[in-house]
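Since the structure comes first, as structure tokens, the remarks are kept for the end.
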Amino acid sequence: MNANDRALTGFTMLGHATFHAYELVIPILVVVWLDEFGVTPAAIGLVVGAAYALTGVGALPAGLLADAYSAKRLVLLCIAGMSAGFALLSAAQGLVSVTLGLLVWGAAASIYHPAGLALISRGAEARGTAFAYHGIGGNAGVAGGPLLGAVLLVGLGWRQVVLVLLAPALLALVVGARLDFDETAGSATREDDATTAASVRSLGAVLVDSKLLFAGGFALVFLVGNLYGLYYRGVLTFLPEVLGGLPLFDPVEVGQRTIEPSRYVYSGLLVFGAAGQYVGGKLVDHVPAERALIGSFVALGAVALLFVPASGAGLVPLLVVGSVLAFLVFVEAPINQEVVSRHVPPAARGISFGYVYLAVLGVGAAGAAGAGVVLTRASPAALFALLAAVALLAAGVGVVLLRRFEPRASGG
């Protein structure tokens, strides 16, 4: 990686870490809210699902902005907005105000992926490696956010914990603003058309661009994004609650404090996601992304079927299967990002990533609400069986994508 790649990648790593730190500390807080507000998993799942849905619904307009304006400025705006949402959350006194804070966070968070990924796709020369390190930055937030939240909850109330979590985001905002890089250097090196529009396109132009996108392989890529989002949200939103329901992780009284081992296990498992992001990013530098996509989803289906039996077999089997699950969930992310880059021209990557994250984070938010309903009315075994079916369906779509479009997929 050259100096421009390093600066650009470092910047997106900061944004990605901030996004996921906030996103995945929320499931830790869900466990607290279930007790404090006396609501069912289905009810809290709808609240959290609505906030998560906004991160996807806003992704499409964010993608359009990323094709027209500086992606760096958009990412900085995103970090500032997410901080504002959590500032509101820290002052919440009930479920309604919690919902308001989460919705503000979700609206701001929707900017990140279309802007950050378009920035890498157009600006990085070593694109696969940049995606890999970008993923590691995200997983620093994935593991660090929940772990910090769990540790702080031992001695602080949840509102105070949320307030403390503002500090890393504000630091990322200051550091990110000081980094300087060329946002189109990678496209120029690959002789791609790196030109972006001078202003946001009209609705008619957006509809034309969208029709052209969905006429090709992108329609299948979009479908894969929907299925990945359902799996991702479905498995991660209530994983702390599922783990907390196991006798292995009963609360432990230490003096006057209650320690919840499940929170630390959840955070520890997510550390393996960092390795998954890196492996997925490096893999698509050497293997056709469509093939990697198929293999990762088949593996996700298998590990979902193994999770519940492993949870009843003892601590070691559970930790092994849980670690593999976390690894595979995040392996898929950079693979999917490279699939988008292979099927979409550079000038349309903002809108394409907008559509993809409308699918992953917007439609995928139904996975959070659906998981809550399944856990309320059925069992973890039913939830993981449904997740396995979703993963295997995504693998099947990947096979169709490979057979129909691999020969025409461009490496640009």
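Observations
- Verdict on Arg127 being among the basic types (Lys, Arg) and either buried (at least 22 other Cβ atoms within 10 Å of the Cβ) or in contact with a strand residue (DSSP E or B) (Cβ under 7 Å, 6 or more places away or on another chain) (or both): yes
- Selection count where residues are part of a helix (DSSP H, G or I), surrounded by fewer than 24 Cβ atoms within 10 Å (Cβ to Cβ) and either in contact with a helix residue (DSSP H, G or I) (Cβ under 7 Å, 6 or more places away or on another chain) or touching a residue at least 40 places away in the same chain (Cβ under 8 Å) (or both), scope the stretch 243-268: 10
- Every pair of residues 6+ apart whose Cβ atoms lie under 6 Å, when the first sits in the stretch 45-56 and is more than 17 Å from Leu239 (Cα to Cα) while the second is buried (at least 22 other Cβ atoms within 10 Å of the Cβ) and among the aromatic types (Phe, Trp, Tyr): Gly56/Tyr357
- Residues of the stretch 29-52 satisfying the condition of being among the small types (Gly, Ala, Ser) and outside any helix (DSSP H, G or I): Gly38
- Enumeration of residues in the stretch 1-40 that are over 21 Å from Lys282 (Cβ atoms), out of contact with any Ser or Thr (no Cβ under 9 Å at 6 or more places or on another chain) and of a type in the set (D, E, K, R): Asp35, Glu36
- With respect to the conditions (1) surrounded by fewer than 22 Cβ atoms within 10 Å (Cβ to Cβ); (2) under 18 Å from the mean Cα position of the chain (by Cα); (3) modelled with pLDDT of 85 or more, Val57 lacks only one, and its number is (3).
- Verdict on Ala42 being surrounded by fewer than 22 Cβ atoms within 10 Å (Cβ to Cβ) and within 22 Å of Leu230 (Cα to Cα): yes
- As for the stretch 105-121, it holds at least one residue that is surrounded by fewer than 22 Cβ atoms within 10 Å (Cβ to Cβ), part of a helix (DSSP H, G or I) and modelled with pLDDT of 90 or more.
- Look at (1) without any contact (Cβ under 8 Å) to a residue 12 or more places away in the chain; (2) surrounded by 23 or more Cβ atoms within 10 Å (Cβ to Cβ) and you find that Ser97 fails only one, number (2).
- Matching residues, the stretch 6-16, being surrounded by fewer than 24 Cβ atoms within 10 Å (Cβ to Cβ) and touching a residue at least 40 places away in the same chain (Cβ under 8 Å): Ala7, Gly10, Met13
- Residue check for Leu325: crowded, with 22+ Cβ neighbours inside 10 Å, in a helix (DSSP H, G or I) and more than 21 Å from the chain's Cα centre (by Cα): no
- Residue list for the stretch 142-151, filter: surrounded by fewer than 22 Cβ atoms within 10 Å (Cβ to Cβ) and farther than 20 Å from Ala172 by Cα: Val151
- Residue satisfying condition, being closer than 23 Å to Leu230 by Cβ, at pLDDT 90 or above, buried (at least 19 other Cβ atoms within 10 Å of the Cβ) and not hydrophobic (A, V, I, L, M, F, W, C), within set Tyr22, Tyr52: Tyr22
- For the stretch 142-174, a residue qualifies if it is over 26 Å from Leu77 (Cβ atoms) and either outside any helix (DSSP H, G or I) or of a type in the set (A, V, I, L, M) (or both), and the qualifying residues are Leu147, Ala150, Val151, Leu152, Leu153, Val154, Leu156, Gly157.
The values are calculated or read from the model by the stated rules, or taken from the named source; none is laboratory data. Small disclaimer: the values here were computed from a predicted structure and weren't measured. Positions of Cβ are backbone-derived with ideal geometry, glycine not excepted, and every protein chain shown enters the neighbour counts.
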